[in-house]
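Participant: Pasting a structure below so you can have a look.
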Amino acid sequence: MTSAPAHLSPTAIDFMLDEAKTWAVVGLSGNPGRTAYRIAELLQQHGKRIVPIHPSAPTVLGEQGYATLADVPFPIDVVDVFRRSEEAGRFADEAVAVGAKGVWFQLGVVDEAAFERTTAAGVPMVMDTCPAIEWRQRG
């Protein structure tokens with residue numbers, strides 16, 4: 001039996017899905033046709049507080065948005081990144097800077113250098129998967 005890649009650590013996934021309550025969703029807009037919107041809804045259905053992070057700072061799914069992670073005036077547990085791989089790393093760095101307890105890069109989003117920096121800073125990170133997939137695999 002092979003073990004999971006470091007960026008798919010069951011311990012990190014379990015921590016974020018089971019213990020983390022406040023999820024900042026980078027790239028979340030009010031467009032219900034976007035994947036970020038649907039995943040934010042799913043997070044809410046699982047009892048998570050979502051925080052939209054978008055340059056225009058819209059209110060989405062009843063939650064006030066913020067232009068940047070640094071603008072959020074309360075603690076963030078997980079920063080969930082819906083950005084292309086080449087843009088995602090800076091959000092991992094910002095997550096560490098604001099004291100987030102975890103970073104999650106969505107399916108198809110991979111940045112090994114960001115993973116190394118984030119985990120070296122003591123912050124668990126998951127890449128290239130989605131909470132919907134992980135919850136489904138749990139049954």
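Laboratory data are not the source of any read-out in this text; all were calculated from the coordinates shown. Note that the structure is a prediction, hence the values are computed from the model and not measured.
Participant: Residue by residue through region 105-120, which ³J(HN,Hα) values in whole Hz follow from phi under the Karplus form 6.51 cos²θ - 1.76 cosθ + 1.60 (θ = phi - 60°), with glycine and proline marked x?
Facilitator: So the Karplus estimates, Gly and Pro as x, are 9, 5, 3, x, 9, 9, 8, 4, 5, 5, 4, 4, 5, 5, 5, 5 Hz.
Participant: May I have the extent of the alpha carbons of region 16-58 along their three principal axes, as whole Å values ordered from largest to smallest?
Facilitator: So the extents along the principal axes, rounded to whole Å, are 29, 18, 11.
Participant: Determine the shape class of region 6-138: with a ≥ b ≥ c the square roots of the Cα gyration tensor eigenvalues, call it rounded for a/c under 1.5, and otherwise prolate if a/b is greater than b/c, oblate otherwise.
Facilitator: rounded
Participant: Enumerate the amide H contacts of TRP104 below 5 Å, restricted to partners 5 or more residues apart or on another chain; note that Pro and chain-start residues carry no placed amide H.
Facilitator: The answer is VAL79, ASP80, VAL81, VAL126.
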